[in-house]
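Scroll down for the structure; my scribbles are underneath it.
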Amino acid sequence: MAGDFVLALAFDGDSPDFAHGVEIGRLWEQLRFEPDEAVEQLVHAVNAEMCMRIGEALGRPFEADVLDDVWMEVRYGPAELTTTQEDPT
């Protein structure tokens, strides 16, 4: 299944850490700027911990399905801010 997914635009370097960081940065920005929207994304499975931490930091319910040894699909519900949570933006 991993062969079914490719980057839309390849980076000019081959650092996996860079690609994973860009992926998480894009996800963070989308979640911050669309707090009332549910969001689904395909991400690298190595970013699982960061995906969970983002959900906790932004007060969003989080679910994920591992698709194979490379990819996972993450789903976030709308933000559930309480009076004790601060907006991290």
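The values are calculated or read from the model by the stated rules, or taken from the named source; none is laboratory data. Quantities reported herein were computed from a predicted structural model and do not represent experimental measurements. Every residue, glycine among them, receives a Cβ derived from its backbone with ideal geometry; neighbour counts consider all protein chains shown.
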Open item on the list: What's the total number of residues in the stretch 69-89 that are of a type in the set (D, E, K, R) and at pLDDT 95 or above?
Closed with: 2
- [ ] Just give me the residues in the stretch 1-50 being at pLDDT 90 or above and in a loop (DSSP other than H, G, I, E, B), in sequence order.
- [x] 34, 35, 36, 37, 38
Open item on the list: Can you tell me how many residues within the stretch 47-59 are closer than 17 Å to residue 71 by Cβ and surrounded by 15 or more Cβ atoms within 10 Å (Cβ to Cβ)?
Closed with: 3
- [ ] Any chance you could count how many residues in the stretch 23-44 are free of Cβ contacts under 8 Å to residues at least 40 places away in the same chain and within 10 Å of the chain's Cα centre (by Cα)?
- [x] 13
